[in-house]
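Visitor: This is the structure I want to talk about, given as structure tokens.
Taken together, the values in this text are just the output of simple stated rules run on the coordinates, not laboratory data. None of the values given here were measured: they were computed from a predicted structure. A quick note on method: Cβ atoms are made from the backbone with ideal geometry, for glycine too, and the neighbour counts reach across all protein chains shown.
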Amino acid sequence: MLDVLAGAAERLNVALGLLGAAYEQLDERTAEQLEDGLFGPVQRAYGRLRRTHSEFAGRHELSLHEFPPAPQAAPGHSVHELLEDAIVETAEADDELGTLQDTLLPVEVGDRELRDGIAEARSRIAPVPDAARRLLRTFGR
């Protein structure tokens with residue numbers, strides 16, 4: 001379970017790096033939309049997953065995962081490419097967490113905080129793909 005949480009958190013961390021790179025290429029108004037609709041929710045979900053991971057590991061005396069800083073996106077990518085890649089990373093993180101929930105393993109472990117952390121992270125990132133697509137539609141206008 002900890003590996004799934006860490007993997008999903010790492011995907012969100014990659015998405016944060018991509019969104020940060022996209023932010024740098026945008027005008028002030030559009031950058032604010034990206035921050036409010038995409039970066040903020042992903043950042044809060046990432047923080048929630050990290051906290052859920054570390055608290056669960058602590059309660060069960062398991063080793064902690066080291067989370068590196070968000071990676072830098074490769075230079076030369078357009079905002080469109082960066083946002084599309086962030087959508088993919090966010091969706092993959094959500095899929096990983098959903099698959100974990102579907103196994104009912106978090107229920108079997110009997111750890112309510114773990115279940116709540118997964119659910120909260122998923123609820124925070126659920127609107128991100130649609131918000132990113134809405135933002136992408138504004139380009140070229």
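Visitor: Let me know the charge dipole size of the chain about its Cα centre in debye, to the nearest 20, where only the beta-carbon of Lys, Arg (+1) and Asp, Glu (-1) is charged.
Guide: The dipole of the chain has a size of about 360 debye.
Visitor: Taking R0 as 35 Å, what FRET efficiency do you get between residue 115 and residue 33 from their Cβ-Cβ distance, rounded to the nearest 0.05?
Guide: The formula returns an efficiency of 0.60 here.
Visitor: Where Lys and Arg each count +1 and Asp and Glu each count -1, what net charge lies around residue 40 among other residues with Cβ under 13 Å from its Cβ?
Guide: 0
Visitor: I need 56, 67 ordered by Cβ neighbour count within 10 Å, fewest first.
Guide: By the 10 Å Cβ count, ascending, the order reads 67, 56.
Visitor: Please find the FRET efficiency linking residue 91 to residue 137, where r is the Cβ-Cβ separation and R0 is fixed at 30 Å, and quote it to the nearest 0.05.
Guide: 0.95
Visitor: Against the longest principal axis of the chain, how steep is helix 40-59, in degrees 0 to 90 to the nearest 10, with axes from Cα atoms?
Guide: Once rounded, one gets 20 degrees.
Visitor: Any idea how far apart residue 63 and residue 103 come out in nm if each label point goes 7 Å out from Cα toward Cβ?
Guide: 1.9 nm
Visitor: What does the highest-first list of 98-108, 78-88, 19-29 look like by mean Cβ count within 10 Å?
Guide: Listed from highest to lowest mean packing, they are 78-88, 19-29, 98-108.
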